[in-house]
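Below you'll find the structure, written out as C-alpha cells, and then a few comments.
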Amino acid sequence: MQRSGSTKPPLRRIHGDALYEQDSDARRSLDYHRTRTTEEIVESLRPGADESLKVKPDGRIFQGNTRIKVLEERGFPVNDLPRDPIP
Amino acid sequence: MNSNDAAKDTARKLYGPTVEYPDGRVIPGQPVNVEDVLTQFEHLDADARSAFLCIIAHDLTVAVRSIVFDPPVTEAGLERVKWINESLHRLTSCVNPYKRWSAQDEAMLIRGIIANSFEHGFDGWVGRAIAAAAGNTTRTR
C-alpha cells in the first residue's frame with residue numbers, strides 16, 4: 001500500500017470482507033468491479049459522478065465500498081481520493 | 001401539496017455535493033439551478049429520464065443508509081426516512097417502463113420531492129442527487 005498524504009480520517013469500509021463470501025450479489029459486484037480498470041473505478045468515484053465516493057466525517061464509506069476494496073487490492077492510495085462528505 | 005407549493009419550493013436553493021480533497025481543501029457545493037435542470041430533463045428521451053430518476057433514487061438509498069446505520073435512530077431521523085421512502089416509492093413506480101409517466105409529470109414528481117425535502121430536512125440529499133443526475137444525463141446526451 002502506498003503512503004498517503006491525506007489529512008482526512010482514513011477511509012473505512014462499512015462492508016467487511018465477509019460480506020463478499022456471504023452475499024452472492026455482493027460477490028457478483030466485486031467480481032464485476034475487478035474487471036474494470038483502475039482509471040474507470042477512480043473516475044466512477046469522483047464527486048459529481050452518479051455513484052460518487054460518499055464518506056462520513058469519521059471516514060466510513062457509505063457509497064463506494066466494493067470499488068474501494070478493489071482499489072485497495074491493487075495498492076491504490078485510496079485516501080488520496082476526493083470525497084463527497086455526507087452528514 | 002399542490003403544484004403551486006411545489007413550484008415555490010423549487011425557488012429555494014438546493015446545493016450540489018461538497019468536495020473534500022486529501023490536502024484539506026474543501027469546495028462547497030454549488031447551487032443547483034432547478035428550473036434549468038427540469039427544463040433539460042423534460043427534453044430527454046425516456047431512457048435518459050429513467051437514468052436521471054434512478055440516480056436520484058440510488059442516492060436516496062444512501063441517505064437512508066446514513067440515517068439508520070448508527071442506532072438508535074432519532075424520531076426526527078425516522079420521520080426523514082419515512083419521507084425519503086415516499087420519494088423512493090414514487091420514483092420506482094414511475095420508472096417502470098410499463099407504466100411510464102409523461103416527461104412533464106415526471107418533472108412535477110421531482111418538484112414534489114424537492115418540496116418534501118425542504119419540509120422534512122433532506123434537501124441536502126436531494127440537491128446532491130439532482131446535481132449528480134443532471135451532470136450525468138442532461139449534459140452528456
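The values are calculated or read from the model by the stated rules, or taken from the named source; none is laboratory data. Everything numeric in this text was worked out from a predicted model, so none of it was measured. Every residue, glycine as well, gets a Cβ built from its backbone with ideal geometry; the counts of neighbours run over all protein chains shown.
Just a few scattered comments:
- Residue list for region A:43-87, restricted to those being under 10 Å from the mean Cα position of the chain (by Cα) and of a type in the set (Phe, Trp, Tyr): A:62
- Matching option when the condition is among the basic types (Lys, Arg) and within 8 Å of chain B (Cβ to nearest Cβ), among A:46, A:67, A:83, A:74: A:83
- Failed item, numbered, when residue A:14 is tested on (1) within 14 Å of chain B (Cβ to nearest Cβ); (2) without any contact (Cβ under 8 Å) to a residue 40 or more places away in the chain; (3) of a type outside the set (S, T, N, Q): (2)
- The residue list B:115, B:76, B:107, B:51 contains one member that is under 24 Å from residue A:48 (Cβ atoms) and either within 12 Å of the chain's Cα centre (by Cα) or surrounded by fewer than 16 Cβ atoms within 10 Å (Cβ to Cβ) (or both), which is B:107.
- Between A:59, A:64, the distinction of being surrounded by 21 or more Cβ atoms within 10 Å (Cβ to Cβ), under 19 Å from residue B:70 (Cβ atoms) and not acidic (Asp, Glu) belongs to A:64 only.
- Test: residue A:9 is over 10 Å from the mean Cα position of the chain (by Cα), in a loop (DSSP other than H, G, I, E, B) and within 7 Å of another protein chain (Cβ to nearest Cβ): no
- Against the criterion of being among the β-branched types (Val, Ile, Thr) and within 11 Å of chain B (Cβ to nearest Cβ), residue A:55 qualifies.
- Hey, residue B:133 under 22 Å from residue B:19 (Cβ atoms) and either among the acidic types (Asp, Glu) or in contact (Cβ under 8 Å) with a residue 24 or more places away in the chain (or both) or not: yes
- Of the numbered criteria (1) without any contact (Cβ under 8 Å) to a residue 40 or more places away in the chain; (2) assigned to a strand (DSSP E or B), the one residue A:71 fails is (2).
- Residue selected from region B:10-32 under the condition in a loop (DSSP other than H, G, I, E, B) and in contact with a strand residue (DSSP E or B) (Cβ under 6 Å, 6 or more places away or on another chain), by the criterion surrounded by the fewest Cβ atoms within 10 Å (Cβ to Cβ): B:13
Residue by residue, here is whether (1) of a type outside the set (Asp, Glu); (2) at pLDDT below 95; (3) outside any loop (DSSP other than H, G, I, E, B); (4) touching a helix residue (DSSP H, G or I) at 6+ places or on another chain (Cβ under 8 Å) holds:
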site: A:33; (1), (2), (3), (4): yes, no, yes, yes
site: A:39; (1), (2), (3), (4): no, no, yes, no
site: A:44; (1), (2), (3), (4): yes, no, yes, yes
site: A:47; (1), (2), (3), (4): yes, yes, no, no
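- Those helices (runs of 4 or more DSSP H) of region B:62-138 in which at least 3 residues are away from chain A (no Cβ under 13 Å) and in contact with a Leu (Cβ under 9 Å, 6 or more places away or on another chain), considering only elements entirely within it, cover B:75-94, B:103-120.
- Residues in region A:17-31 that are among the basic types (Lys, Arg) and either within 14 Å of chain B (Cβ to nearest Cβ) or touching a helix residue (DSSP H, G or I) at 6+ places or on another chain (Cβ under 9 Å) (or both): A:27 alone.
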